[in-house]
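Here's the structure we're looking at; comments come further down.
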Amino acid sequence: MMRILSGIQPSGSTHVGNYLGAIKQWVSSQNPDAYYCVVDLHALTLDIDPEELREKTLDCVATLLAAGIDPEIATLFVQSNVAAHAKLNWLLECVATFGELNRMTQFKEKSGRQKGYRVGLLTYPVLMASDILLYDAQQVPVGDDQRQHLELTRALAERFNARYGPTFTVPVGFVPHAAARVMDLQEPSRKMSKSLSSPLGSLYLFDEPSEIEKKIKKAVTDTDGEMRFDPKKKPGLSNLLDIFASFSNETPQDVASRYSRYGDFKSDLAALVIESLAPIRTRYRELRSDPGQLSAIITLGAKKASASAEPVYERAAKAMGLIGG
Ligand code: TYM
């Protein structure tokens, strides 16, 4: 059995990029040794209203359950409920260097957009490394944009093991073949994102069907009319083919070969996305209207995750020379 860990931030609304790049993989690889967390501590790196954070955290848990994570099989938990994440974060901040964090692409992008950004924005990848290393994760299913953070996690684990003795499992990333980087529908040179998209650029999991149809119809393509998968020369169309292929479990080339007109293809894509998301949406509504059930699942997840994480934290603390209680 493969020990797996992955996480998702509860900021913003979950989009099709999150679903195809990560959550779909989580569902298909879930097992009793899989840990999935809603990383609410990470969401604090940007200014978020406390009430909004509470609601979004519950939305996110309900979304993962609705998408098919089964809490009787895998462990689904909220990061801040497991104290070991913040504790290991400090130990690893004393292993990471300023230079390597300052080089992270996401930090450079996000810090460049704000004045007086929070220190947490810089140290964010160390907390992510703590999330992963605390569970002795072997595999981390993520979208393409998390590769650099994963490399840092591996580097920190190796450095820690070399300096303080074998302590952490060195994880590998698992990036899906299809839809590893779903692009913005209006600006296909930019990834689909929770915060930065143009109004028609992101397809959210709980968009109304009419909205999904509109966004796909208006998605930017090109004018040569040739139905072919070529992300460099035809980024808009290739992104749509990639989304189709990921939902239908085909290759984008096979999908392209069935169509000659963009309009027909877009109509079928909209129908496929709407049909695939419909059961998730129904289940989400049920879960979200039953706070008792959601809260029981969160409590169970916290208990299971803490039982795995605490001994690993103790192992690391002892290796560094902390005397423990
Ligand atoms: P987050 O919340 O931005 O995204 C959650 C997951 O969705 C993937 N993703 C995408 N995949 C394809 N196309 C896109 N346009 C797209 N946008 C997002 C992300 O790669 C991710 O897998 N730092 C992480 C959260 C995190 C984490 C962890 C992940 C914290 N601790 C430990 C793995 C392991 C993040 O901000 O993901």
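Cα centroid separation, segment 281-325 to segment 88-160: 21 Å.
Report summary: the helix-based calculation at 222 nm, which adds -39500 (n - 2.57) for every DSSP H run with n ≥ 4 and divides by the residues of the chain, gives -16500 deg cm²/dmol. In a reduced charge model with +1 at each Lys and Arg Cβ and -1 at each Asp and Glu Cβ, the chain shows a dipole moment near 700 debye about its Cα centre. Counting charges near residue 255 (Lys, Arg +1; Asp, Glu -1) among other residues having Cβ under 15 Å from its Cβ returns a value of -2.
Considering only 259, 229, 276, the residue lying farthest towards the positive end of the dipole of segment 209-283 is 276, judged by Cα position with unit charges set on Cβ.
Using only alpha carbon pairs under 8 Å that are at least six residues apart, calculate the relative contact order of segment 1-82 and give it in whole percent. Over segment 1-82, the number comes to 42 percent. Students often get this wrong, so check it: of 108/217; 194/233; 108/318, which have C-alpha atoms separated by over 30 Å? Flagged as over cut-off: 108/217; 108/318.
Computing Rg and the Kirkwood Rh from the Cα coordinates of segment 209-283 gives a ratio, Rg/Rh, of 0.97.
Sequence-distant contacts, meaning Cα pairs under 8 Å at least 6 residues apart, place the relative contact order of the chain at 22 percent. Taking a straight Cα-Cα cut-off under 13 Å and skipping sequence neighbours fewer than 8 places away in the same chain, the aspartates and glutamates within cross-link reach of residue 110 are 47. Size descriptors for the chain, from the alpha-carbon set: Rg then Dmax equal 20.4, 69 Å.
Where a number appears in this text, it was derived from the coordinates with a stated rule and is not lab data. Since we're looking at a predicted model, the values are computed, not measured. Here the Cβ is made from the backbone with ideal geometry for all residues, glycine too, and neighbour counts use every protein chain on show.
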